[in-house]
Amino acid sequence: ELVAISVFTEVELRYLTGGRQLGRLATVGGDGTPHVVPVGWIYNAARDAIDVGGHELERSKKFRDVARTGRAAIVIDDLESTDPWRPRAIEVRGRAEAIALPTPLIRIYPERIISWGLEQGRSARTVAR
């Protein structure tokens, strides 16, 4: 059951719940250097957030980065078609938590959502939380 009011549009929610499992998570290191890695993720309908998991996640740089900064971004994308070339994606930037127990995960609460290729044109908006 999806939340009654989501920060995502109906089209974005369909994309997020459509079976894609791989995304690219961006964090910032202690020296300000960006760090981006492929990750597994799910849409958390109860929290209207993106949950990122991973093997020994709590021992990873990305987990430490999020614990320190409280910020992260993720891009979830694929190619709808290669001929013609049709990429589609959602970028989610926002506040993030490094949650150690009971199962380690990084939870991203959307503050900025940018999507393209999901319907005509491009959507970019800041959302209030």
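Some notes on this structure:
- Loop-located GluC sites (Glu not before Pro) in segment 1-102 (DSSP state not H, G, I, E or B) with no more than 14 neighbouring Cβ atoms inside 10 Å: E1, E56.
- Close amide-amide hydrogen proximity is noted between N44 and A49, I50, D51, each under 5 Å apart and 5 or more residues distant or on a separate chain (H modeled in the peptide plane; Pro and chain starts excluded).
- Helix-only CD estimate at 222 nm, as mean residue ellipticity for the chain, using -39500 (n - 2.57) per DSSP H run (n ≥ 4): -3500 deg cm²/dmol
- The Cα center of segment 19-52 and the Cα center of segment 88-129 differ in position by 8 Å.
- Where the chain is the region considered: accessible area per residue in Å², 1.4 Å probe: 58 Å²
- Cα gyration tensor shape of segment 75-129, rounded if a/c is under 1.5, else prolate or oblate by comparing a/b with b/c: oblate
The values are calculated or read from the model by the stated rules, or taken from the named source; none is laboratory data. Computed from a predicted structure; not experimentally measured. A quick note on method: Cβ atoms are made from the backbone with ideal geometry, for glycine too, and the neighbour counts reach across all protein chains shown. To get the accessible areas, we keep the full protein, side chains included, count just its heavy atoms, and leave off ligands, DNA and RNA. Shrake-Rupley method; radii C 1.70, N 1.55, O 1.52, S 1.80 Å.
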